[in-house]
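Peer 1: Encoded as structure tokens, here's the structure I'll be asking about.
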Amino acid sequence: MQIAEDPPSPPERGQGEGLKIQIDLRPSPGASRRPLPEGEGQKRLLRSDHPPYAFGADTPPTRRGELVYFILAILVAGFLSSAAAQGPSYDVVIRNGRIVDGSGSPWYRGDVAIRGDTIVRVAPSIADAATRILDAAGEVIAPGFIDIHSHAREGIFESPAAENYIRQGVTTIIEGPDGSSPLPIAEFLARLDFLPKTINIGTMVGQGSVRAAVIGLADRKPTAGELARMRTLVEEGMKDGAFGLSSGLFYVPGTFTSTDEVIELAKVAARYGGIYISHMRDEASKVSDSVQETIAIGERGGLPTQVTHHKIIGTGNWGKSSETLRLVDEARKRGVDATIDQYPYTASSTSVGAALLPAWAQEGGREKVLARLKDPGLRADIKAEMTRSIQNERGGGDPKNVVLARCEWDESLSGKNLADITRMRGMDVTLANAAEAAMWIVERGNCSGIFHAIAEDDLRRILRHPATMIASDGGIPIFGKANPHPRNYGTFARVLAVYVRELNIITLEDAVRKMSSLPAQRLGLTDRGLIRPGMKADIAVFDPARVRDAATFEKPHQYAEGVSTVIVNGRIVLDGGSMLGVRPGRVLYHGR
Ligand SMILES: [Zn+2]
């Protein structure tokens, strides 16, 4: 009995820690937000404070029993503490990588340790234990890529694995581009929140959607009341977590919006620290005016401004990127925070109607478009303008340069070009007949198209600009369906393969910067886009000698290759080239 009466000697440090582990009854961090049902915590305490009767259920504890229990407790505590000491320090450690940290600095050799959803250590060598150790074997460890211009609104619900993105190393996408967003944003984000998904996603609020909600597709100025209502919708969008205001001034109804009207809405986004990002009014003959307008909206609206998917459309306009980039440089010199994003292809993609019909013919919506096409006089006017557009703008001067991506009313037309359709309609292939064929397409139900009308020289010049980031303008297509633009599958990998490795247009480090820290900085995502302790563990591991886009215009449904491992919020989603079924993606809200 002597032992029992002596106070126990103080436990050794390790034991103390073990004991603390054993009696720590707080819920685990993951469960901390959910309070225990009433009485539950108390019950647990009771259970723990009073050991199970060691010598028979009905026997009350004796002093001997207490003693035995006490010794057992110390032994168990000691065991637990030594287990804790030997247990993993980290959840994931990636070893032997070439770290391209996203800042643009030269790569360096090192290991990266992750705990929970966070990068906790970056060092030349991390030998500590980890639940999972990945050997990068000299491959690049980069921040997960961020796509600031994505059309994944429907695709994310159809394919929440977002394999086309993950296999390029993309871990965050931003929806609501080109002036088009769901309204209200909160509802969309709540649905996304509920959806188990592999990738992170946020959104912009769309100026065109806001205008359509208030005054429809009419070509007129808003009244003071309507403008106030539009301001309120933008404000709601920003409060709901939008990253800024997007516009599509090329499209209906954006095209009916004056610069001043956009500025009034931009000012609202500015108050909430958002950005302005624009598919410009004109990317062809008036592209320089459009860049000036985009800069003016940032300058007078008081917010960062971005030319999205910058390109020069139409053979007669090729080369104008020298001037547009000069305009951006001049703006930046006088303190306007103007930037650019771009995808690395010489073809664009949008609907045939939106691309080739004059804006005035699109006013009011589809019924009105069809009525105008039935009116012989208006039809002749439309045809003349479409002919000009095929000649000088998105048609790239040849009906062959317009390829149908998807026609919901006849899937067999996917992949056929406008010259094929013209012939199918029994006509010789002339520009005017191609316009006739395009009008027929619009009447039948419209198609999405791919427009080969961009020069490689302009693409390279824009890519080299330090304020240019990479964005896909793609989405999450249904694998194997229709003939979408290869940018959906290849954008980020193509930059690394073609423009870094093959052509040496930009360095690997600069390419990664354009895909990670630059868009993160643009969005105000201060905890993503860099490989640094404290950042969220969004990571792409790829072989710089092997990474490549496999998708082509002819065979777009091909995943990018060479990205071996992708981690989203600390969870491995692509493991040694295999997609795992985990869904750690989160909704990202601006300013939260
Ligand atoms: Zn666009």
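Values quoted throughout were computed directly from the atomic coordinates according to the rules given, and no laboratory measurement underlies them. Here the structure is a predicted model, which is why all the values come from computation and not from measurement. Virtual Cβ from ideal backbone geometry, glycine too; neighbours counted across all protein chains shown.
Peer 1: Once region 343-401 is represented by equal point scatterers at the alpha-carbon sites, with solvent omitted, what log10 I(q)/I(0) does the Debye formula produce at q = 0.16, 0.22 Å⁻¹?
Peer 2: -0.53, -0.88
Peer 1: Which FRET efficiency value, to the nearest 0.05, do you get for Phe157 and Trp318 by plugging their Cβ-Cβ distance into 1/(1 + (r/R0)^6) with R0 = 56 Å?
Peer 2: Calculated value: 0.90.
Peer 1: Give the residue list of GluC sites (Glu not before Pro) in region 166-240 that are DSSP loop and have at most 11 other beta-carbon atoms within 10 angstrom.
Peer 2: Listed in order of number, the matching sites amount to none.
Peer 1: OK, next. How large is the convex hull of the Cα atoms of region 95-160 per residue, expressed in Å³ as a whole number?
Peer 2: 134
Peer 1: Also, I was wondering about something else. I need the GluC sites (Glu not before Pro) found in region 102-164, filtered to DSSP loop residues with at most 16 other beta carbons within 10 Å of theirs.
Peer 2: Counting only loop positions with at most 16 other Cβ atoms within 10 Å, the GluC sites (Glu not before Pro) in region 102-164 are Glu154.
Peer 1: While we're looking at this one, here's another question. So how much slack lies between Asp375 and Arg532, counting 0.36 nm per residue of separation and subtracting their Cα-Cα distance, in nm?
Peer 2: Difference between extended and current length: 50.2 nm.
Peer 1: Cα axis of helix 40-49 to longest principal axis of the chain: angle in degrees, 0 to 90, nearest 10?
Peer 2: On a 0 to 90 degree scale, this one is about 30.
Peer 1: Can you pull the one-decimal nm distance between simple spin-label points at Arg191 and Ala224, each 7 Å off the Cα toward Cβ?
Peer 2: Label-label distance for Arg191 and Ala224, simple model: 3.7 nm.
Peer 1: With no solvent and one point on each alpha carbon, what is the Debye value of log10 I(q)/I(0) for region 304-409 at q = 0.24 Å⁻¹?
Peer 2: Log-scaled intensity ratios, in q order: -1.27.
Peer 1: List the lysines whose Cα sits under 29 Å from the Cα of Lys555, skipping any in the same chain fewer than 8 residues away.
Peer 2: Lys197, Lys311, Lys400, Lys416, Lys481, Lys514
Peer 1: OK, next. For helix 259-271, what angle does its Cα long axis make with the longest principal axis of the chain, in degrees from 0 to 90 and rounded to 10?
Peer 2: Once rounded, the angle reads 10 degrees.
Peer 1: Given the C-alpha centroids of region 398-431 and region 291-357, what is the distance between them in whole angstrom?
Peer 2: Between the Cα centre of region 398-431 and that of region 291-357, the gap is 29 Å.
Peer 1: Give the angle, between 0 and 90 degrees and rounded to the nearest 10, that separates the Cα long axis of helix 376-392 from the longest principal axis of the Cα atoms of the chain.
Peer 2: So the inclination is approximately 70 degrees.
Peer 1: If you don't mind, another one. Go through region 239-245 residue by residue and turn each phi into a ³J(HN,Hα) via Karplus (6.51, -1.76, 1.60, θ = phi - 60°); whole Hz please, and just put x for glycine and proline.
Peer 2: Calculated HN-Hα couplings, in order: 5, 6, x, 5, 8, x, 9 Hz.
Peer 1: Moving on to the next point. Given the Cα-Cα distance of Glu456 and Arg583 and 0.36 nm per residue of separation, how much length would full extension add, in nm?
Peer 2: Fully extending the segment from Glu456 to Arg583 adds 41.9 nm.
Peer 1: Could you tell me the distance between the Cα centroids of region 484-530 and region 224-266, to the nearest Å?
Peer 2: So the two Cα centres are separated by 29 Å.
Peer 1: Follow-up question, since we're still on this one. Label Thr232 and Glu411 with points 7 Å out from Cα along Cα→Cβ: what is the distance between them in nm?
Peer 2: 4.4
Peer 1: Something else about it: Give me the net charge for the shell around Pro584: Cβ to Cβ below 9 angstrom, other residues only, Lys and Arg +1, Asp and Glu -1.
Peer 2: Net charge around Pro584: +3.
Peer 1: Hand me the trypsin sites (Lys or Arg not before Pro) from region 175-276 located in a DSSP loop with no more than 14 other Cβ atoms within 10 Å, in residue order please.
Peer 2: Qualifying residues, ordered by number: Arg220.
Peer 1: Measuring from the lowest to the highest alpha carbon on each principal axis, how far does region 405-518 reach, largest first, in angstroms?
Peer 2: 52, 30, 22
Peer 1: Per-residue HN-Hα couplings for region 192-209, Karplus 6.51 cos²θ - 1.76 cosθ + 1.60 at θ = phi - 60°, whole Hz, x for Gly and Pro?
Peer 2: 5, 4, 6, 6, x, 9, 8, 10, 7, 8, x, 8, 9, 9, x, 4, x, 5
Peer 1: What is the distance, in nm, between label points placed 7 Å from the Cα along the Cα-to-Cβ direction at Gln558 and at Arg332?
Peer 2: Once both label points are built, they end up 3.5 nm from each other.
Peer 1: Could you calculate, for region 362-428, the ratio of the Cα radius of gyration to the Kirkwood radius, expressed as Rg to Rh?
Peer 2: 1.00
Peer 1: If you don't mind, another one. How big is region 152-254 along each principal axis, measuring the range of its Cα positions in Å and listing the largest first?
Peer 2: So the three principal-axis extents are 47, 26, 19 Å.
Peer 1: Right, something else. Given H placed 1.01 Å from N in the peptide plane, which residues other than close sequence neighbours of Met535 have an amide H under 5 Å from its amide H?
Peer 2: For Met535, whose amide H was placed from the backbone, the distant partners under 5 Å are Ile119.
Peer 1: Another question about this same structure. Output the relative contact order of region 120-186, whole-number percent, from Cα pairs under 8 angstrom with separation of 6+ residues.
Peer 2: The normalised contact order for region 120-186 reaches 35 percent.
Peer 1: Dividing the alpha-carbon radius of gyration of the chain by 2.2 N^0.38 Å (N being the number of residues), what value is obtained?
Peer 2: Rg over 2.2 N^0.38 Å, computed on Cα atoms: 1.18.
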